[in-house]
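One structure is given below, encoded as structure tokens.
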Amino acid sequence: MQLGMIGLGKMGGNMKLRLEKAGHQVVGYDRNPDVADVGSLADLVAALEGPRAVWVMVPAGEPTRSTVAELGALLSEGDIVIDGGNSRFTDDAVNAALLAERGIGYVDAGVSGGVWGITEGYALMVGGAEGDVERLMPIFKALKPEGEFGFVHAGGVGAGHYAKMVHNGIEYAMMQAYAEGYELLEASEYVDNVPEIFKSWRSGTVIRSWLLDLMDRALTDDPELDRVKGYVEDSGEGRWTVDEGIRLRVPLPAITESLFARFTSRQEDSPAMKAVAALRNQFGGHAVKTE
């Protein structure tokens with residue numbers, strides 16, 4: 001199958017290679033001319049035979065919205081646009097309506113796999129019309145992991161990115177649990193070899209997972225994590241997950257707390273903890289550390 005791929009970074013570039021290895025023809029465009037096959041979006045559209053399929057793999061928000069809008073002016077009736085970035089699910093209905101005015105289909109695809117996806121496969125959560133998704137199945141089958149798992153048609157437009165949002169919210173909480181366990185083990189006077197404990201958990205335990213495998217890999221490379229600063233960004237999907245929990249009145253304490261923990265990581269000296277220390281000193285005379 002022929003596919004246009006816009007955005008050839010760490011994810012998009014590797015996805016292109018995986019698809020080409022599976023026998024698909026991928027025409028790639030990127031702002032970096034060193035990795036692009038064509039010089040513009042117009043050139044990419046011209047290089048594809050109709051009906052076309054174009055996968056957008058650029059940063060969420062305005063970069064994706066403007067790319068979809070530009071494609072809407074270049075593509076033809078019967079073509080399909082796939083947004084495979086981490087767009088907020090509410091953007092999908094807007095993008096789909098814009099393209100529908102010209103008879104262009106729209107599919108949103110939540111993609112998980114990171115830098116390992118090129119060999120392990122990419123988990124795909126897609127939303128869109130049944131006919132559009134079915135037409136793209138050769139592409140999805142080439143990208144997904146081998147076996148029965150790793151792909152879902154989650155529902156209509158927006159469902160794919162919604163599923164990916166919840167996936168990332170769960171990921172936040174799982175990483176936070178491993179991190180808290182690591183800190184407790186490091187603080188304990190009973191434990192001598194924290195990296196080996198994590199390694200031992202990789203088989204036979206109920207907490208084994210790919211994230212645990214990656215934690216083991218990180219500790220093998222840097223046993224004391226001396227080369228890592230305790231500052232953690234968030235992609236936005238954790239926030240959106242918490243927003244949805246509030247909107248639907250679904251309690252999400254673990255995911256919410258893991259998001260707030262990331263905010264704490266960005267404070268060199270937490271103002272809130274300063275206030276707690278001051279209050280403890282006021283009501284109980286507890287000692288405080290001064291500058």
Want the number for Val115 to Glu180: 0.36 nm per residue separation, take away the alpha-carbon distance, what's left? 20.9 nm
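Per residue, how many Å² of accessible area does the chain show with a 1.4 Å probe?
Normalised by residue count, the accessible surface of the chain is 55 Å².
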The simple spin-label model distance between Gln282 and Asp34, using points 7 Å out along Cα→Cβ, in nm, is 5.7
Please list Glu180, Glu77, Glu186 from largest to smallest accessible area, probe radius 1.4 Å, with all protein chains kept in place. Glu77, Glu180, Glu186
Computed from the beta carbon distance with a Förster radius of 30 Å, FRET efficiency for Leu17 and Asp213 to the nearest 0.05 stands at 0.85
Computed on Cα atoms only, the convex hull of segment 17-172 has an orientation-averaged projected area in nm² of 8.9
Student exercise: in the chain, how many lysine pairs 8 or more apart or on different chains have Cα atoms under 24 Å apart? 16
Enumerate the helices in the chain for which the Kyte-Doolittle hydropathy averages -0.5 or more and the C-alpha atoms extend at least 24 Å along the helix's axis, using complete DSSP H runs. 159-187
Estimated FRET transfer efficiency (Ala275, Glu101; beta-carbon r; R0 41 Å; 0.05): 0.15
If I take R0 = 22 Å and measure r between the Cβ atoms of Thr205 and Glu146 in this structure, what FRET efficiency does the formula 1/(1 + (r/R0)^6) give, to the nearest 0.05? 0.35
Extension reserve of the Glu233-Arg249 stretch, reckoned as 0.36 nm per residue once the Cα distance is removed: 3.2 nm
So between Asp226 and Arg266, what do we pick up on full extension, going 0.36 nm a residue minus the alpha carbon distance? 12.6 nm
Given a 1.4 Å probe and every protein chain left where it sits, what share in percent of the accessible area of segment 168-291 is carbon and sulfur? 57
Across bins of 10 angstrom width beginning at 0, how are the C-alpha pair distances of the chain distributed, in whole percent? 6, 23, 29, 21, 13, 6, 2, 0
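The values are calculated or read from the model by the stated rules, or taken from the named source; none is laboratory data. A quick note: this is a predicted structure, and the numbers were derived from the prediction, not measured. Counting neighbours? That spans all protein chains shown, and the Cβs are built from the backbone with ideal geometry, glycine included. Please note that ligands, DNA and RNA were not included when accessible areas were found on the heavy atoms of the full protein model with its side chains. Shrake-Rupley method; radii C 1.70, N 1.55, O 1.52, S 1.80 Å.
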